[in-house]
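The values are calculated or read from the model by the stated rules, or taken from the named source; none is laboratory data. Computed from a predicted model, the values in this text were never measured in an experiment. Cβ atoms come from the backbone with ideal geometry, glycine included; neighbour counts cover every protein chain shown. Areas reflect the complete protein model, heavy atoms only, side chains present, ligands, DNA and RNA absent. Shrake-Rupley method; radii C 1.70, N 1.55, O 1.52, S 1.80 Å.
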Amino acid sequence: MPMEYPQDGFWLHPDALVDAECIGKGTRIYAFSHVMAGVTIGEQCNLGEHVYVETGAVIGNRVTVKNGVQVWEGITLEDDVFVGPGVVFLNDRYPRSRFSVGAGDRYQTKGWLEPTVVREGAAIGGNATILCGLEIGRYATVGAGAVVTRSVAPHTLVLGAPALVHSLICACGKPFAGDGREYACPHCGRAYAVEAGVPRPLHAT
Amino acid sequence: MPMEYPQDGFWLHPDALVDAECIGKGTRIYAFSHVMAGVTIGEQCNLGEHVYVETGAVIGNRVTVKNGVQVWEGITLEDDVFVGPGVVFLNDRYPRSRFSVGAGDRYQTKGWLEPTVVREGAAIGGNATILCGLEIGRYATVGAGAVVTRSVAPHTLVLGAPALVHSLICACGKPFAGDGREYACPHCGRAYAVEAGVPRPLHAT
Amino acid sequence: MPMEYPQDGFWLHPDALVDAECIGKGTRIYAFSHVMAGVTIGEQCNLGEHVYVETGAVIGNRVTVKNGVQVWEGITLEDDVFVGPGVVFLNDRYPRSRFSVGAGDRYQTKGWLEPTVVREGAAIGGNATILCGLEIGRYATVGAGAVVTRSVAPHTLVLGAPALVHSLICACGKPFAGDGREYACPHCGRAYAVEAGVPRPLHAT
């Protein structure tokens with residue numbers, strides 16, 4: 001099994017199924033994963049095993065999707081996003097079985113679909129559950145096993161079920177603090193101004 | 001990949017494994033899923049990718065099982081049930097590795113098996129955990145990420161870990177309320193009488 | 001599909017991928033699972049479907065890994081361990097997408113890797129999340145759906161998110177209690193001395 005990054009193209013495990021035609025350079029897709037027709041995936045992404053990407057999902061550049069994750073229609077993963085193993089996204093707040101009596105005409109249109117966007121650089125910890133119709137802000141982090149029911153502000157770490165704000169978090173993924181005037185990450189030195197509780201980087205990431 | 005519903009039969013993705021012989025008309029089973037021998041699955045069901053159905057499970061008509069779910073021996077999904085992605089069912093309260101020292105003779109009989117039934121029209125949200133020996137009532141709904149440790153009454157929404165009663169819920173999947181004498185769903189108009197906290201539909205669903 | 005245990009070797013489903021060379025006698029690996037190169041797996045293990053075992057993981061004898069579990073580099077499952085369906089292990093506390101801007105040089109070395117060991121006979125309930133850098137003690141049990149953020153003492157049952165100590169637990173998997181001087185399991189009769197809250201078996205398991 002050759003594991004070198006391809007010079008001109010992407011790499012697929014022989015047991016991956018890729019119906020999509022637009023897969024970026026340097027992207028790798030592992031065994032037992034399936035990317036449906038019409039999906040666009042950027043460059044230098046890693047999609048682990050047992051991953052499913054549905055028509056209507058969007059995946060940017062340098063995105064990691066670990067094993068066992070489904071990226072449904074309506075889910076957008078912007079550049080540099082990390083999605084941990086076993087994370088579950090949703091896109092339907094009141095799901096019923098499509099042909100069931102209770103569903104009625106719910107699935108005759110796309111009115112049921114509530115899209116979610118995971119902004120640039122955010123990270124979602126393993127086995128987290130992401131309800132639908134939400135925005136996970138730039139460089140936010142969702143703790144492992146959390147159940148996210150509300151949108152998450154940029155550079156914010158949320159934990160628990162339902163997920164609550166725990167601390168601010170740097171682009172490097174480590175928590176940081178400050179004295180109300182100056183904020184800097186003790187791990188990488190990036191500096192932030194915090195306005196209304198939301199960090200704004202003082203320099204380009 | 002032909003996606004039309006078959007006129008006379010079911011549809012299997014070429015990478016699905018189906019050892020079972022009784023699959024209902026109009027049912028579809030997607031890639032990397034496995035239905036074991038002896039299982040009966042009803043009509044117009046949808047089994048997503050990476051689904052596993054064990055010998056001894058029962059699946060009715062118009063049931064949806066989303067990706068990454070295992071339907072173990074002892075689990076019954078009645079007609080019109082929806083099971084969200086990544087839902088985990090259990091059937092053994094005190095699991096030990098089968099051949100381990102600690103297991104002793106636990107697995108010499110089926111005494112360890114605690115069956116669970118999901119009644120008609122119920123919906124289980126993504127990444128929920130369903131402990132064993134339980135009944136999820138007719139048209140009940142389990143919130144995404146919930147951990148269900150007790151049986152759920154009909155037309156009841158439960159949330160959290162452990163899952164607690166949140167509200168009443170209609171056959172259409174939306175919450176509803178009333179003044180103690182009359183209860184009607186504001187979304188679909190179905191009417192209920194609530195007796196001892198449990199809604200009883202006033203008309204056929 | 002021959003299901004007899006092999007007399008001299010292990011059993012692989014034809015749709016399992018096994019790059020590893022050291023698989024113990026009597027071990028079975030089911031469909032759509034993948035064991036990477038260099039992994040050693042002991043005797044009489046059961047690896048369910050949609051399981052992934054990464055290079056650098058260690059699996060002892062008589063271990064059960066149910067469906068949909070990933071055993072990452074840095075995870076050790078000692079003899080007699082049970083891992084329930086959909087359990088998610090982690091090995092990186094501050095994950096970022098490997099090629100992302102935020103990751104910087106985080107993945108240039110293995111400094112990010114925090115190993116976890118699951119000691120002999122322990123059982124992890126379905127859909128639990130196991131943070132990294134932890135030890136799950138001998139014959140400990142993690143409840144289904146729990147989120148484990150701290151190490152678990154031997155013979156201890158933890159429940160919830162974050163997981164907290166609930167009771168003591170026997171090698172047979174059942175809870176037990178005592179009067180402060182004598183402790184015995186009401187189910188199997190094994191006896192323990194409890195010292196500083198941790199049970200020590202009075203006889204060999």
Express the carbon and sulfur contribution to the solvent-accessible surface of the range B:84-205 as a percent, rounded to the nearest whole number, probe 1.4 angstrom.
54 percent
Please list 3J(HN,Hα) in residue order for the range A:187-201, calculated via the Karplus relation 6.51 cos²θ - 1.76 cosθ + 1.60 where θ = phi - 60°; whole Hz, with x for glycine and proline.
9, 10, x, 4, 10, 9, 9, 9, 10, 6, x, 10, x, 10, x
For chain C, with a Gaussian network of springs between Cα atoms less than 10 Å apart, report the residue from C:ALA57, C:ALA128, C:ALA37 with the top mean-square fluctuation.
C:ALA37
Mind putting a number on the dipole of the protein assembly as shown about its Cα centre? Charges go on the C-beta only, +1 for Lys and Arg and -1 for Asp and Glu, and I need it in Debye to the nearest 20.
1620 debye
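Under a 1.4 Å probe, what is the accessible area of the range B:3-170 per residue, stated in Å²?
35 Å²
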Positive-end extreme of charge dipole, chain C - chosen from C:GLY42, C:VAL117, C:VAL53 (charges on Cβ)
C:VAL117
Using a 1.4 Å probe and counting only protein heavy atoms, how much accessible surface gets buried when A and C come together, both sides summed, in Å² to the nearest 100?
2500 Å²
Between the alpha carbon centres of the range B:184-205 and the range C:32-78 the gap in Å comes to 49 Å
Nm distances between copies for A:LEU113, ranked from closest, using label points 7 Å along Cα→Cβ
4.2, 4.2
GluC sites (Glu not before Pro) within the range B:131-205: which are DSSP loop residues with at most 14 other Cβ atoms inside 10 Å?
B:GLU182
How large is the dipole of the range C:46-155 about the Cα centre if only Lys and Arg carry +1 and Asp and Glu carry -1, each at its Cβ, rounded to the nearest 20 debye?
280 debye
Position C:PRO175, label points 7 Å along Cα→Cβ, spacing to each other copy in nm (shortest first, one decimal):
3.1, 3.1
Which Cys in chain A stand alone, with every other cysteine's Cβ at 4.7 Å or more from theirs?
A:CYS22, A:CYS45, A:CYS132
In what sequence, largest accessible area first, do A:LEU164, A:LEU90, C:LEU12 appear using a 1.4 Å probe?
A:LEU164, C:LEU12, A:LEU90
Using the alpha carbon gyration tensor of the range B:3-170, what are the three equivalent-ellipsoid semi-axes (square root of 5 times each eigenvalue), largest first, in whole Å?
25, 22, 13
What is the Rg over Rh value, at two decimals, for the range A:113-153, using alpha-carbon atoms and the Kirkwood definition of Rh?
0.93
Run the simple label-point estimate for A:ASP19 and C:GLU21 please: 7 Å along Cα→C-beta, distance reported in nm.
4.0 nm
Cβ-based charge dipole, the range A:3-170, positive-most Cα from A:HIS13, A:LEU90, A:SER100:
A:SER100
Could you compute how much accessible surface A:LEU159 exposes when probed at 1.4 Å, giving the result in Å² to the nearest 10?
70 Å²
Go through the range A:112-120 residue by residue and turn each phi into a ³J(HN,Hα) via Karplus (6.51, -1.76, 1.60, θ = phi - 60°); whole Hz please, and just put x for glycine and proline.
6, 7, 10, x, 10, 10, 9, 6, 2
Whose amide H sits under 5 Å from the amide H of B:ILE75, counting only residues 5 or more places off or on another chain, with H placed in the peptide plane?
B:VAL58, B:THR116
To the nearest 10 square angstrom, how much accessible area does B:TRP11 have with a 1.4 angstrom probe?
20 Å²
Compute, for C:GLU114, the solvent-accessible surface of its heavy atoms (probe 1.4 Å) with the complete set of protein chains present, and express it in square angstrom to the nearest 10.
50 Å²
Using the basic label-point model (7 angstrom from Cα toward the beta carbon), what is the C:LEU113 to C:GLU182 distance in nanometres?
4.9 nm
Chain-alone versus full-assembly comparison, the range A:50-91, residues with accessible loss of at least 30 Å² (1.4 Å probe):
A:HIS50, A:TYR52, A:ARG62, A:ASN67, A:GLN70, A:TRP72, A:ASP80, A:PHE82, A:PRO85, A:VAL88, A:LEU90
Between B:ARG93 and the same site in the other copies, what are the distances in nm, shortest first, taking label points 7 Å from Cα along the C-beta direction?
3.7, 3.7
Long-range tail of P(r) for the protein assembly as shown (Cα pairs > 34 Å, %):
41 percent
About its Cα centre, how strong a charge dipole does chain C have in debye, to the nearest 20, once Lys and Arg get +1 and Asp and Glu get -1 at the Cβ?
560 debye
Using the structure shown, list the pairs from B:LYS110/C:LYS66; A:LYS66/B:LYS174; B:LYS66/C:LYS25; B:LYS66/C:LYS66 with a Cα-Cα distance above 26 Å, or answer none.
A:LYS66/B:LYS174; B:LYS66/C:LYS25
Rounded to 5, the percent of DSSP beta bridges in the protein assembly as shown classed as antiparallel:
30 percent
Which residues of the range B:110-130 show a drop of at least 30 Å² in accessible area when all protein chains are present, compared with their chain alone (probe radius 1.4 Å, heavy atoms only, ligands and nucleic acids excluded)?
B:ASN127, B:THR129
FRET efficiency, 1/(1 + (r/R0)^6) with R0 25 Å, evaluated for B:ALA37 and B:SER151 via beta carbons
0.25
Taking a 1.4 Å probe, which of A:ASP179, C:ASP105 shows the most accessible area, and what order do the others take after it?
C:ASP105, A:ASP179
